[in-house]
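K.L.:
Sharing a structure with you now.
The values are calculated or read from the model by the stated rules, or taken from the named source; none is laboratory data. Computed from a predicted model, the values in this text were never measured in an experiment. Every residue, glycine as well, gets a Cβ built from its backbone with ideal geometry; the counts of neighbours run over all protein chains shown. For accessibility, only protein heavy atoms count, side chains too; no ligands or nucleic acids. Shrake-Rupley method; radii C 1.70, N 1.55, O 1.52, S 1.80 Å.
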Amino acid sequence: MSPAQTSAIDVAAGPKFIIVIQQKGGAGKSTITVNLAAVIGRSSIMQNDIEDAAVVAAGVDPQGSLESWADRVPEEALPFDYLVTRGEVGVLSKFKGDPARKRVLVDTPGFMEIDPDTAWGEDPLGGSRVADALREVLDLADLAIVPITPEWLSWAPAEFTIERILKPRGIPFLVVINLHDPRDGDTALDAVKTWIDERGYPRMADPIRKYKIHAHAAENGLTVVEYKESGTALRAREDFMNLALCVEQAL
Ligand SMILES: Nc1ncnc2c1ncn2[C@@H]1O[C@H](COP(=O)(O)OP(=O)(O)O)[C@@H](O)[C@H]1O
Ligand SMILES: [Mg+2]
């Protein structure tokens, strides 16, 4: 880029920002961020002259849960770069317009504790450090993934996230059903699908299934592209490949 052009950031040449957001913890934000980054990173176009990975996974989680996971993955098995901002504002904005990066995936903390009683139309995120970090990420977002589970406890927080945080900012979103246990049959799955569809929310057609290997992945420093080969590992990977295709269509 010539010096004359560097004055304005070329946003079109830079990465798309995909944020994973849901008010409630435990619906799978961190699991989705890491595994989606792994799948998209693994299927990225390689260019010898570029050092930086095309995919960046970032966590604004003050607890750095993404970092403790990614730190355990052997360097050569990690098809993406990662960083943890620990709530520091301004770190993620630096990727804007960076032509070496194609996708930045951002894991966010839950924000159940943030003022649920603000009046309609007001920003319910409040004034905490986490809220400032969330606002920066929301300003950058090209797409939001909202995980939800067949368990109804996650439904109202998903609705709150969409209606109070995403829609007022005009951020496109995709609802993703996670933690569907294939052994449970389809009753609970159909119920959550109906609930989503009644609200007219775009959703990924199929759920991400619940497998024990996912639950142990963090402690073992694994992502879905590295699971020891088995039928379950293939199905687990299929779910995240499916999500990657769905996300790329939505961008
Ligand atoms: N599809 C899945 N199958 C099995 N366990 C899962 C799955 N998704 C998430 N988990 C587990 O559920 C817990 C919560 O997931 P996590 O990604 O940490 O949620 P969040 O970041 O939204 O709080 C973690 O222990 C994680 O390993
Ligand atoms: Mg998390």
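K.L.:
Give all pairs with beta carbons closer than 8 Å in which a residue from region 144-166 that is without any contact (Cβ under 8 Å) to a residue 60 or more places away in the chain meets a residue that is outside any helix (DSSP H, G or I) and among the β-branched types (Val, Ile, Thr); count only pairs at least 6 apart in sequence or on separate chains.
P.N.:
From residues that are without any contact (Cβ under 8 Å) to a residue 60 or more places away in the chain, the pairs are 150/177; 155/148; 162/146; 162/175.
K.L.:
Do we have any residue at all in region 152-172 that's in a loop (DSSP other than H, G, I, E, B) and buried (at least 20 other Cβ atoms within 10 Å of the Cβ)?
P.N.:
There is no residue in region 152-172 that is in a loop (DSSP other than H, G, I, E, B) and buried (at least 20 other Cβ atoms within 10 Å of the Cβ).
K.L.:
Out of (1) on the phi > 0 side of the Ramachandran plot; (2) away from ligand 1 (no atom under 11 Å from the Cβ), the odd one out for residue 223 is which?
P.N.:
Exception for residue 223: condition (1).
K.L.:
Would you call residue 133 among the aliphatic types (A, V, I, L, M), crowded, with 21+ Cβ neighbours inside 10 Å, touching a residue at least 40 places away in the same chain (Cβ under 8 Å) and out of contact with any Lys or Arg (no Cβ under 6 Å at 6 or more places or on another chain)?
P.N.:
So residue 133 passes the test.
K.L.:
Okay, next question. Across region 183-212, which residue is nearest to residue 244 (Cα to Cα) among those that are open to solvent by 60 Å² or more (accessible area, probe 1.4 Å) and among the basic types (Lys, Arg)?
P.N.:
The extreme case among them is 203.
K.L.:
Taking residue 87 as the residue in question, decide whether it is more than 12 Å from ligand 2 (Cβ to nearest atom), at pLDDT 90 or above and more than 29 Å from residue 207 (Cβ to Cβ).
P.N.:
So residue 87 does not fit the description; no.
K.L.:
Condition first: more than 16 Å from ligand 2 (Cβ to nearest atom) and over 20 Å from residue 183 (Cα atoms). Now tell me which residues in region 205-223 satisfy that.
P.N.:
220, 221, 222
K.L.:
Okay, moving on. So residue 235 clears everything in (1) more than 20 Å from residue 43 (Cα to Cα); (2) modelled with pLDDT of 95 or more; (3) within 12 Å of ligand 1 (Cβ to nearest atom); (4) open to solvent by 60 Å² or more (accessible area, probe 1.4 Å) except one condition, right? Which one?
P.N.:
(1)
K.L.:
While we're looking at this one, here's another question. Pairs under 9 Å by beta carbon, first residue open to solvent by 10 Å² or more (accessible area, probe 1.4 Å) in region 27-41, partner within 9 Å of ligand 2 (Cβ to nearest atom) and part of a helix (DSSP H, G or I), six or more apart or different chains?
P.N.:
Partner pairs satisfying both residue conditions: 30/65; 30/66.
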